[in-house]
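Reading through the C-alpha cells given below for one structure.
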Amino acid sequence: SLEPPESEILKQQPRDPKEPILRKQDLTKICGEAGIISAGALGCYGYGLSRYGIGPQATSMSFLSLTLGQLLHAYHCRSEEHGIFETGALKPNKYLKWAMGGSFALQLVAMFVPGLRSILGIQKLGLFDAAIVGGTATVPLFVNDIMKRRKARRKRLSPPREVIRC
C-alpha cells in the first residue's frame, strides 16, 4: 500500500469488476514463485545436511535462507511488469528500505543473541555457511526476475487484443 504507483498505470485497461481477486494465473504465479524460494531453502538444507548431518546447523541454514528469500521477494513484488534491475523503472520506496533493513537486522539479532538463538533453536553460522545462505536466498530473486522479464517481453511482442464492445 506504500508503493508509489508505476508511471504507466493509467495506460492499463481497468480490471473487470466481475473478475475474482485471485485469478487462476495469479495462483499459478504465486505457487511458482513460492516453489522457487522453497527450492532455494531446500538446496541450502541439502547442503547443510551433507556438511553437518541432521541437526540444528542444517536447520538454521534452511530457516535463514527461507526467511531471507522471503524478504528479498518483497523487491520482486514491487511491480508486475518491471524487473528489479531496470534502472529508473520504479520510484524509490523508503518504507520498503526501512522495513527490509529492520527485518534483516532482526534476523541478525536472532542469530547472534544467545538467548533468542536458543528460543528459536538456531545456530551461529560461519562465513562460508552465511555465503551459502545468501546465495540460496538470492538465486530465487534472480530466477523470478528473469521469468518476469520474459513474460513482459512476450506480452510486448504479442499483438494487442482487440476489445469488442456490444
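Some notes on this structure:
- When the C-alpha to C-alpha distance is required to be over 26 Å, the pairs from K11/K155; K94/K155; K24/K94; K29/K155; K29/K91 that qualify are K94/K155; K24/K94.
- Extension reserve of the L49-D26 stretch, reckoned as 0.36 nm per residue once the Cα distance is removed: 4.9 nm
- Segment L127-F142, length gained on full extension (0.36 nm per residue, minus Cα span): 3.2 nm
- In Hz, Karplus ³J(HN,Hα) per residue of region 63-70 (6.51, -1.76, 1.60; θ = phi - 60°; x = Gly, Pro): 4, 5, 5, 5, 5, 5, x, 5
- Per-pair calculated FRET efficiency, R0 = 41 Å: S118 and N93 via Cβ, rounded to 0.05: 0.70
- Rounded Å value of the spacing that divides the Cα centres of region 13-61 and region 86-141: 17 Å
- Phi to ³J(HN,Hα) by Karplus 6.51 cos²θ - 1.76 cosθ + 1.60 over region 25-33, Hz, x for Gly, Pro: 5, 5, 5, 4, 5, 4, 5, x, 5
- Accessible area (Å², 1.4 Å probe, nearest 10) - Y95: 120 Å²
The values are calculated or read from the model by the stated rules, or taken from the named source; none is laboratory data. Model, not experiment: these values are computed from the prediction. Cβ sites come from the backbone with ideal geometry, for glycine too, and all protein chains shown count toward neighbours. These area figures cover heavy atoms from the full protein model, side chains too; ligands, DNA and RNA do not enter into them. Shrake-Rupley method; radii C 1.70, N 1.55, O 1.52, S 1.80 Å.
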